[in-house]
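Please treat every number below as a calculation from the coordinates, not as lab data. On a predicted model such as this, the values are computed, not experimentally measured, just so you know. Don't worry about glycine lacking a Cβ; one is built from the backbone with ideal geometry, like all the others, and counts go over all protein chains shown.
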Amino acid sequence: DAEILHKAMKGMGTDEDAILMLLTSRSNDQRQQIKAAYKKAHGKDLVSALKSELGGLFESLIVALMTPSVLYDATLLHNALKGAGTEDEVLIEILASRTGEQIKEITKVYKKEFGGKLEKDICGDTSGHYQQLLVILLQRERERDLYAAGEGKFGTDEEKFITILGNRSAEHLGKVFAAYKKISGSDIEDSIRGETTGNLENLLLAVVKCAGSIPDFFAERLYKSMRRAGTDDDTLMRIMVSRSEVDMLDIRGSFKKIYGQSLYSTIQEDTTGDYQKALLYLCGGND
């Protein structure tokens with residue numbers, strides 16, 4: 001594999017097809033092994049070599065694919081927090097959808113790579129109930145009820161909402177939402193929309209959606225990243241890369257079920273060139 005990539009980049013011109021077909025058909029673990037083999041054979045870093053040959057969105061996508069998945073998440077969070085302003089959608093998406101185990105790993109890698117504590121950086125960039133729920137999600141060992149004892153101490157209803165949503169397992173929340181609908185006659189999502197705004201609303205909705213179905217959550221985000229004026233390539237790329245080995249088949253199923261069209265054909269209509277080809281390989285098939 002390392003030799004195929006070397007040949008594809010050597011001399012005049014670059015064989016983009018060879019690069020994208022090879023890298024999209026390997027797992028992230030295999031790509032790390034290819035990176036090591038390439039360095040051993042050619043004495044240079046494969047990612048740097050790829051960067052010097054490629055450009056634009058295709059380059060960004062290939063570099064993302066070459067990044068170990070936990071480091072990829074940690075880097076996305078770091079980039080979302082650094083500099084002026086915060087990319088809240090990235091924080092929301094990652095913290096609402098990753099497992100407790102993954103979040104633990106991400107926090108570790110974040111500290112190692114960027115020298116700071118993820119929680120501290122999040123607290124420095126966010127505030128209020130939104131911050132509170134992000135911090136709870138960061139701690140999550142999702143099956144715990146450790147807040148049950150403290151619930152009575154909280155004043156506001158928002159606090160209670162946050163405590164319950166941040167601390168219960170998806171299975172438990174499913175039952176809570178069904179009971180909520182019975183008692184109040186309305187969906188939990190509608191209540192959240194009516195009672196909250198901005199980042200807090202978006203985060204609460206993301207947590208609720210992920211408790212229901214993570215593939216549905218990502219299908220909706222993918223649809224929104226494409227079906228508007230201009231494509232939100234950051235979101236499209238982030239989800240296709242980070243879910244390609246996790247639940248892409250399920251996401252494709254959800255996409256078809258919810259929107260009546262295939263994810264594959266939607267990507268086809270919304271993107272072009274080698275970038276499009278690589279995304280379609282990651283998608284896997286036309287449903």
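Observations on the structure shown:
- Angstrom value of the Kirkwood radius, inverse mean 1/r, which spans all Cα pairs in segment 69-212: 15.7
- Computed over neighbours whose Cβ is under 12 Å from that of V241, the net charge equals -1, Lys and Arg +1, Asp and Glu -1.
- Largest GNM mean-square fluctuation across A49, A219, A84, computed for the chain with C-alpha springs under 10 Å, falls on A84.
- Sorted on the mean count of surrounding Cβ atoms within 10 Å across their residues, most packed first, peptides 115-125, 268-278 read 268-278, 115-125.
- Most mobile listed residue (A178, A64, A96) in the chain, GNM with C-alpha springs under 10 Å: A178
- Gaussian network model of the chain, springs between alpha carbon atoms under 10 Å - residue of S48, S60, S25 with greatest fluctuation: S48
- Coupling constants for segment 227-238 follow from the phi torsions by the Karplus curve (6.51 cos²θ - 1.76 cosθ + 1.60, θ = phi - 60°), and in residue order they are 7, 8, 4, x, 9, 8, 5, 4, 5, 4, 5, 4 Hz; glycine and proline get x.
- Calculated over segment 152-287: convex hull of Cα atoms, volume per residue (Å³): 133
- Put a plus charge on the Cβ of each Lys and Arg, a minus charge on the Cβ of each Asp and Glu, and nothing anywhere else: the dipole of the chain about its Cα centre is then about 620 debye.
- Mean sequence separation of contacting Cα pairs (under 8 Å, at least six apart), scaled by the length of segment 1-54, corresponds to a relative contact order of 36 percent.
- Too-long pairs where the Cα-Cα distance tops 31 Å, listed order kept, from K182/K257; K104/K209; K160/K257; K44/K108: K160/K257
- Here the chain is treated as an ellipsoid with the same Cα gyration tensor; its semi-axes, largest first and in whole Å, are 38, 22, 16.
- Other residues within the sphere of radius under 12 Å centred on the Cβ of T126, judged by their own Cβ, net out at -4 (K and R +1, D and E -1).
- Since only A2, S225, G285 are under comparison, the one whose Cα sits farthest along the positive direction of the charge dipole of the chain, derived from C-beta charges on Lys, Arg, Asp and Glu, is A2.
- Cα gyration tensor category, rounded, prolate or oblate, for segment 215-283 with a/c compared to 1.5: rounded
- Charge context of D29, other residues only, Cβ under 15 angstrom, K/R +1, D/E -1: 0
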